[in-house]
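Chemist: Mind looking over this structure? Questions follow.
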Amino acid sequence: MMAHYFRKHDNVPFFVLPSAWVFAILHCVMAKQSNLSFFGREEIIDRLENLWGKRVPSLVTCRGRRRIGKTTLIEKFANRSKARFIKLEGLKPKDKMSNADQLSAFASQLALQTHAERTIPPDWLSAFARLDGEIRDEGRTVVLLDEISWMAYYDVTFAGSLKVAWDNLFKKHRRLVLVVCGSVSSWIKDWIIDSGDFYGRRSLDIVVPELPLSECVKFWGTTAGRIDMREIIDVLSVTGGVPRYLEEVNPSLSAADNLRNMFFIPHAPLAVDFDEMFTDVITEQPTFTARVLRSLVDGRKSVSEIARLLDMQRNGHVSRALERLEECGLITADAESNPETGETAREKIYRLSDNHARFYLRYVEPLRESIDRDAYEFISLDALPGWETSMGLAFENLVVNNFRSLAKFLHLGKAPILYAAPFRKRPSKGTGGEGLQIDLLVRQKRTLWIVEIKRKRNIGHDVIDEVERKAKRLHVGKDVSLRRALVYDGELAPIVEAEGYFDALVRFSDLLGL
């Protein structure tokens, strides 16, 4: 948050601002941040609090999509633990910036929160030694190194210096939790998680997911139970479970008015945020990576299909771009195994699992210039081209992304879940057999669930015929039970329930807890 403020005042160097002014800004920003709605992270905080039971300090990596609430999560953990909290954030790299600027920012932030001196350290090991000198052993301390990829941007020895500091300085403090955090998850993975330098040193790796649906609905407050369910679904189909986006929801406005304010007015917050988020986290081949992301807007694809769509040969460039997008939380690789056979799948199928990105690329990006010139008139959601089809994909995403919430309605028991993802089988070239698309397929050792996900004003008997056709195309062994479920929003025809075809009927409102 503090670095964000100074990005708006690029002509004023961070380290020469009057300390009283900077402290006042920092205090106000952090106070405001701590008062924001905070839901749905209790399980993660419990895992963090368990670290205090150890007799040695803990090194934690924290990853996740930008705006997902990583920083707020660590701050809440420190508050709940009654620990001293020191937050040090890297500055976003810019032209003419250097490692000295990052070191200066580090020293200034540390001085504002402790009694440390403000002089610029000569290198990162000296900077970490200065931080070590401010850690008190008589109480708990949580240190957050935030946006660490930015902090390390100008110095390839940064990770090595952090390792030396951990082994020789930080490791001596029993009541210390040091959290390495950032939105560029690939940096943390490459330099900390997969680096041999840190093997055996990390106590916990946290990947912060989107909020569960039952927590998302809390952003509507007491109005959630009395407004049309489609209003909530329309907004969630665009924001997903990203706390920063849900904070923009005005419960007194309709879904159309909320989305207009979020995207379709000049320099709207969630439109601007996509550009900032993408450029912040995709630092390698951003133009090509954006092309790969756009290829997934209209549906799931394999690497080969993406390469053909981009009119290029299948190669490592596409795969690497997909890895970057997956690391930053925008896409998901669904097929690790074949749920029919249990064998390893021949290829992964990639899904644009981030609903905000899908909506922006589908509807906002093509109109961005007109919107920012205030030359675009937003009429209604239904007037957006292909709205129902696009929202159908977004609705499926919401359900699939919230499989853990759905699992209890399927009564899966304690048997391990071997597969839980959308499933696709191509038509057989040799036999002319039909292809197969299943919204969500769940595989346990003895049970296979076909989950149909339907958002439609009126859902009739044809949904049974549709699922039965899919069931007949699955190759299920004799020792595997095939079950069927329907997750839906809309008016369900009485005959669908009366016929007893589905083993589970789950209203979307049940997932919301309404």
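Chemist: Go through segment 222-248 and give me each residue that's within 24 Å of Leu73 (Cα to Cα), open to solvent by 10 Å² or more (accessible area, probe 1.4 Å) and outside any helix (DSSP H, G or I).
Modeler: Across segment 222-248, the qualifying residues are Glu247, Glu248.
Chemist: If the Cβ limit is 8 Å and pairs must be 6+ apart or interchain, which residue in segment 69-92 that is touching a residue at least 40 places away in the same chain (Cβ under 8 Å) and in a loop (DSSP other than H, G, I, E, B) pairs with which residue that is of a type in the set (A, V, I, L, M) and open to solvent by 20 Å² or more (accessible area, probe 1.4 Å)?
Modeler: Pairs that qualify, where the first residue is touching a residue at least 40 places away in the same chain (Cβ under 8 Å) and in a loop (DSSP other than H, G, I, E, B) and the partner is of a type in the set (A, V, I, L, M) and open to solvent by 20 Å² or more (accessible area, probe 1.4 Å), are Leu91/Met97.
Chemist: On to the next question. Could you pull out the residue among Arg260, Arg346, Arg308 that is outside any helix (DSSP H, G or I), open to solvent by 10 Å² or more (accessible area, probe 1.4 Å) and basic (Lys, Arg)?
Modeler: Arg346
Chemist: Then there's this: Can you tell me which residue is most open to solvent (accessible area, probe 1.4 Å) among those in segment 349-388 that are of a type in the set (Ser, Thr, Tyr), under 20 Å from Asp234 (Cα atoms) and in a loop (DSSP other than H, G, I, E, B)?
Modeler: Residue satisfying both the conditions and the ranking: Ser380.
Chemist: List the number of the failed condition for Pro251; all other conditions in (1) free of Cβ contacts under 8 Å to residues at least 40 places away in the same chain; (2) open to solvent by 60 Å² or more (accessible area, probe 1.4 Å) hold.
Modeler: Failed condition: (2).
Chemist: Quick check on my filter: what residues within segment 393-410 are over 14 Å from Leu511 (Cα atoms) and either open to solvent by 20 Å² or more (accessible area, probe 1.4 Å) or free of Cβ contacts under 8 Å to residues at least 12 places away in the same chain (or both)?
Modeler: Leu393
Chemist: Could you tell me whether segment 454-463 includes any residue that is within 24 Å of Arg424 (Cβ to Cβ), out of contact with any helix residue (DSSP H, G or I) (no Cβ under 7 Å at 6 or more places or on another chain) and either small (Gly, Ala, Ser) or not in a strand (DSSP E or B) (or both)?
Modeler: Within segment 454-463 (the criterion being within 24 Å of Arg424 (Cβ to Cβ), out of contact with any helix residue (DSSP H, G or I) (no Cβ under 7 Å at 6 or more places or on another chain) and either small (Gly, Ala, Ser) or not in a strand (DSSP E or B) (or both)), the answer is yes, since at least one residue qualifies.
Chemist: More than 23 Å from Leu176 (Cβ to Cβ), in a helix (DSSP H, G or I) and either at pLDDT below 95 or more than 31 Å from the chain's Cα centre (by Cα) (or both): is that true of Ala111 in this structure?
Modeler: It is false that Ala111 is more than 23 Å from Leu176 (Cβ to Cβ), in a helix (DSSP H, G or I) and either at pLDDT below 95 or more than 31 Å from the chain's Cα centre (by Cα) (or both).
Chemist: Related question: When you go through Leu505, Leu441, Leu448, Leu511 one by one, which is the residue that is outside any strand (DSSP E or B) and either open to solvent by less than 90 Å² (accessible area, probe 1.4 Å) or modelled with pLDDT of 90 or more (or both)?
Modeler: Only one candidate qualifies: Leu511.
Chemist: While we're here: So if I check each of Arg63, Arg136, Arg130, Arg118, which one is part of a helix (DSSP H, G or I) and basic (Lys, Arg)?
Modeler: The conditions single out Arg130.
The values are calculated or read from the model by the stated rules, or taken from the named source; none is laboratory data. As the structure is a prediction and not an experimental result, all values here were calculated from the model. Note: ideal-geometry Cβ built from the backbone for every residue, glycine included; neighbour counts use all protein chains shown. For accessibility, only protein heavy atoms count, side chains too; no ligands or nucleic acids. Shrake-Rupley method; radii C 1.70, N 1.55, O 1.52, S 1.80 Å.
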